[in-house]
Amino acid sequence: MTTSYYDVAAGLGAAGFAGGLSVAIMNPLDTLKVRYQVATDPGAMRGFAGQILRREGLWRGLWLPGVNANFWGIGVSSVGRVGCYPYVRDGLLNAVGLEKNAGVMFVAGLLAGAVGYLVSSPVYQVKTLAQAEAGLLENGVFATGASVGKAPRYASLVQGLATLKRDGHLWRGAGALVVRGALLSAGMQVGYDGFKTWAKRRGALEDGPVLHGLAACAGGVGAGVCATPADVVMTRYQASSTYRSAVGAAADILRKDGVLAFYRGFTPFVVRLGPVFLISLPLTEQIRRLAGLGYLT
């Protein structure tokens, strides 16, 4: 069956809007994760979060930092990892002549995610840096957070992009982001598409909101397991000017903190991904249905 331009545009648009909206809603958890990863001796996560809330408040301390860049960055990346994924997957299936399986889902998710995150890399970098520098402002400089005594450099998406371009860092960390995004996308699709496929083949659940919600939870766990190490490396690399490469940042983490440090922030990462996917993936399905495209298959 021939796919029309409308089908493609509506499908990509549904994925982008749903992804951007969901991550904007859940931005406080993303900000908490980033601020925790770059903090010096932050202690327990609960105490760290409580300190931010007491001194800075929910809106200024956790919700506002990087929210605009997060919406656009994840919106663009979702066009790749969710919108383009079915076309990449089906192209691979036609090329190798196999039925859908976890291996094909992983590779297709890897490729689609890599493209989506490559395109969104500068915007996503602004998001991460805005969250990393976040803190309470007094007299135009930060009084709390990891950038105490410094003026904001990434207060808005436009300012952040201009700062990166001026510093020659517009694509800094793009490789790390692409690796992280590709792994996240691959793990998500093995969980989401894999669970949907498994449930429908066995007649366990009909294709609808309940199945989409359960599959989204599976996708969040899969994404977290696959992407947390790359996420830690990317955050450290982008937030510090001392590293010459993402590989150097990874080596430094391993040398100083050990292997388990690569899963630092795993819990808030998965806790954030779960609700984001629980909103974005079922919402994408419903927008597709309302647009006359039907559910993702």
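A single member of Gly135, Gly160 is more than 20 Å from the chain's Cα centre (by Cα), farther than 23 Å from Gly224 by Cβ and surrounded by 20 or more Cβ atoms within 10 Å (Cβ to Cβ), and it is Gly135. From the list Ala199, Ala230, the one residue that fits, being free of Cβ contacts under 8 Å to residues at least 24 places away in the same chain and of a type in the set (A, V, I, L, M), is Ala199.
The condition of being among the hydrophobic types (A, V, I, L, M, F, W, C), within 18 Å of Ser280 (Cβ to Cβ) and at pLDDT 95 or above holds for only one of Val23, Val82, that being Val82. Listed conditions (1) buried (at least 20 other Cβ atoms within 10 Å of the Cβ); (2) modelled with pLDDT of 85 or more; (3) among the β-branched types (Val, Ile, Thr) are all met by Thr235, apart from (2). The number of residues in segment 1-51 being within 30 Å of Ile253 (Cα to Cα) and among the small types (Gly, Ala, Ser) comes to 7.
Can we say Ala176 is in contact (Cβ under 8 Å) with a residue 40 or more places away in the chain and in a helix (DSSP H, G or I)? When the stated conditions are applied, Ala176 passes them.
Of all residues in segment 192-205, those satisfying the criterion of being assigned to a helix (DSSP H, G or I) and either hydrophobic (A, V, I, L, M, F, W, C) or surrounded by 14 or more Cβ atoms within 10 Å (Cβ to Cβ) (or both) are Tyr192, Asp193, Gly194, Phe195, Lys196, Thr197, Trp198, Ala199, Lys200.
From the list Val107, Val96, the lone residue that is closer than 12 Å to Gln189 by Cα, out of contact with any helix residue (DSSP H, G or I) (no Cβ under 6 Å at 6 or more places or on another chain) and open to solvent by 50 Å² or more (accessible area, probe 1.4 Å) is Val107.
Check whether at least one residue in segment 89-102 is β-branched (Val, Ile, Thr), in a helix (DSSP H, G or I) and touching a residue at least 12 places away in the same chain (Cβ under 8 Å), and report yes or no. No, segment 89-102 contains no residue that is β-branched (Val, Ile, Thr), in a helix (DSSP H, G or I) and touching a residue at least 12 places away in the same chain (Cβ under 8 Å). Remark: Lys150 falls outside the filter, which requires a residue to be surrounded by 19 or more Cβ atoms within 10 Å (Cβ to Cβ) and touching a residue at least 12 places away in the same chain (Cβ under 8 Å).
In summary, helices (runs of 4 or more DSSP H) completely within segment 206-297 and bearing 3 or more residues that are touching a Phe, Trp or Tyr at 6+ places or on another chain (Cβ under 8 Å) and closer than 22 Å to Gln125 by Cα occur at 209-239, 246-257. For segment 32-60: of the residues being among the β-branched types (Val, Ile, Thr) and modelled with pLDDT under 95, which is nearest to the chain's Cα centre (by Cα)? Going through the qualifying residues, I end up with Val34. Residues that are modelled with pLDDT of 90 or more, β-branched (Val, Ile, Thr), out of contact with any Gly (no Cβ under 7 Å at 6 or more places or on another chain) and under 15 Å from Gly109 (Cβ atoms) occur at least once in segment 190-200.
Would it be correct to say that Gln125 is in a helix (DSSP H, G or I) and either touching a Ser or Thr at 6+ places or on another chain (Cβ under 7 Å) or aromatic (Phe, Trp, Tyr) (or both)? Spelling it out, it is not the case that Gln125 is in a helix (DSSP H, G or I) and either touching a Ser or Thr at 6+ places or on another chain (Cβ under 7 Å) or aromatic (Phe, Trp, Tyr) (or both). Of the set (1) modelled with pLDDT under 85; (2) touching a Pro at 6+ places or on another chain (Cβ under 6 Å), all apply to Leu273 but (2).
The values are calculated or read from the model by the stated rules, or taken from the named source; none is laboratory data. From a predicted model like this one, the values you see are computed outputs, not experimental measurements. As a convention, Cβ positions derive from the backbone with ideal geometry for all residues, glycine included, and neighbour counts pool all protein chains shown. Heavy atoms of the whole protein, side chains included, go into the accessibility calculation; ligands, DNA and RNA do not. Shrake-Rupley method; radii C 1.70, N 1.55, O 1.52, S 1.80 Å.
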